[in-house]
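One structure is given here, and the rest of the page talks about it.
The values are calculated or read from the model by the stated rules, or taken from the named source; none is laboratory data. Being a predicted model, the structure only gives us computed values, none of them experimental. Cβ placement follows ideal geometry from the backbone for every residue including glycine, while neighbour counts extend to all protein chains displayed.
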């Protein structure tokens with residue numbers, strides 16, 4: 001191609017003349033078919049562009065409607081967005097702490113310890129505890145490291161995080177308690193073992209308490225006032241732990257008096273006794289305390305060997321009193337005094353019903369309580385009613401009251417007859433048949449004489465029957481005429 005300006009040749013493909021710099025404009029040859037095809041193509045492209053524009057406008061309209069609907073529910077959207085933000089924040093916070101596993105902290109701490117930096121190891125475990133507060137392996141490992149450093153209290157405090165927590169299993173809590181107890185035992189802090197086990201009240205601690213803390217000794221008899229007292233100390237659980245006690249002194253311990261026999265309080269005074277049991281670990285039980293007032297009081301009541309009741313044979317009444325006292329008694333129901341009958345030897349039990357009252361006096365005039373006894377001595381009936389009547393008639397004949405067994409009376413017409421009436425008991429005398437006397441005239445009429453007789457049911461003894469001033473039956477001896 002020639003340059004239209006300078007006429008020099010222009011290499012193929014160049015757009016400028018290399019000699020004069022004139023721009024080369026190419027004018028394509030005009031072809032109608034090509035132009036028509038181009039116009040058709042451009043028209044199709046325009047239609048396509050218009051279609052896309054319409055679709056774009058439709059999408060814009062739909063988007064505007066959706067936005068309008070969303071804005072009408074802005075409160076709900078706002079709440080959802082706020083919740084999402086909170087959840088994201090929690091997740092980020094949790095990730096920031098839990099991004100490292102508990103194993104990471106344990107292995108890192110072990111590496112620090114292996115390098116001689118045990119303080120750094122403890123710091124790592126502290127961080128791990130913050131990140132994993134429920135991981136007991138971290139807590140137990142940290143307690144062990146504290147022990148290796150001689151930091152006893154810190155080791156215990158670490159374990160207390162488990163015993164005083166609420167999110168740990170019973171097994172872990174028990175292990176923590178046992179670890180604390182082991183620490184205290186190794187250091188001889190037995191009082192602290194008792195303290196930690198007495199500070200809580202749950203099933204786990206109850207089980208440990210029974211294992212490590214001995215039961216409180218029991219004193220027998222109980223506190224009180226006594227004229228004479230023997231105090232016996234024993235353990236409730238019967239484990240055989242040693243018991244130490246003090247008398248009117250301070251709190252007992254293993255250096256106090258060792259209990260090995262009965263404690264006897266035999267002098268007037270007030271005694272405050274405290275006792276503890278000490279087990280094999282040297283742990284003391286709670287302190288048992290009792291107070292006894294020993295004073296000279298009333299004598300002991302006499303002991304009457306024969307109890308109240310019915311008797312059918314000869315019986316002796318025996319009374320026993322403590323040394324230095326004397327026994328007095330009555331049989332009329334009155335209170336016995338030092339002016340009453342003095343008991344010096346066994347008393348023959350009276351036949352029939354009797355009532356005894358006994359009392360003891362010491363040399364200072366102090367008296368005991370009164371002891372009552374009621375006896376009913378009735379011999380076996382050996383005499384029948386017929387024998388009793390015959391025995392009465394024979395006795396009256398023998399004594400001259402009757403002429404013969406037919407009942408004839410000297411100088412009196414007719415005869416006497418004797419009729420069995422009843423059985424009575426005469427106080428202090430026994431059981432008797434009552435026989436009444438009637439006079440039978442020759443004409444057959446009968447009239448009571450007013451006389452009554454008593455015949456003993458056991459031995460047949462005969463007496464007249466009368467009344468004393470109080471209206472009670474009494475026996476009257478029949479004398480010879």
* To do: Output yes when any residue across the range 336-343 is exposed (fewer than 12 other Cβ atoms within 10 Å of the Cβ), assigned by TED's automatic domain parsing to the domain that holds residue 310, closer than 16 Å to residue 301 by Cβ and modelled with pLDDT of 95 or more, and no when none is.
  => yes
* Asked: Tell me, which residue of the range 287-311 that is at pLDDT 90 or above and part of a loop (DSSP other than H, G, I, E, B) is farthest from residue 328 (Cα to Cα)?
  -> 287
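Considering each residue of the range 225-257, count those that are modelled with pLDDT of 80 or more and either assigned by TED's automatic domain parsing to the domain that holds residue 367 or within 15 Å of residue 288 (Cβ to Cβ) (or both), and give that number.
Start the filter on the range 225-257 by keeping residues that are modelled with pLDDT of 80 or more, which leaves 225-226, 241-257.
Among the residues that remain, those that are also either assigned by TED's automatic domain parsing to the domain that holds residue 367 or within 15 Å of residue 288 (Cβ to Cβ) (or both) are: 241-247, 249-253, 256-257.
Qualifying residue count for the region: 14.
How do the strands (runs of 3 or more DSSP E) wholly within the range 344-459 filter down when requiring 2 or more residues that are surrounded by fewer than 16 Cβ atoms within 10 Å (Cβ to Cβ) and in contact (Cβ under 8 Å) with a residue 24 or more places away in the chain: which remain?
Values: elements: 352-362, 371-377, 412-426, 430-440, 446-456.
In the range 344-459, 371-377, 412-426, 446-456 are the strands (runs of 3 or more DSSP E) which contain 2 or more residues that are surrounded by fewer than 16 Cβ atoms within 10 Å (Cβ to Cβ) and in contact (Cβ under 8 Å) with a residue 24 or more places away in the chain.
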* Which numbered condition trips up residue 212, out of (1) more than 29 Å from the chain's Cα centre (by Cα); (2) closer than 30 Å to residue 260 by Cβ? -> (1)
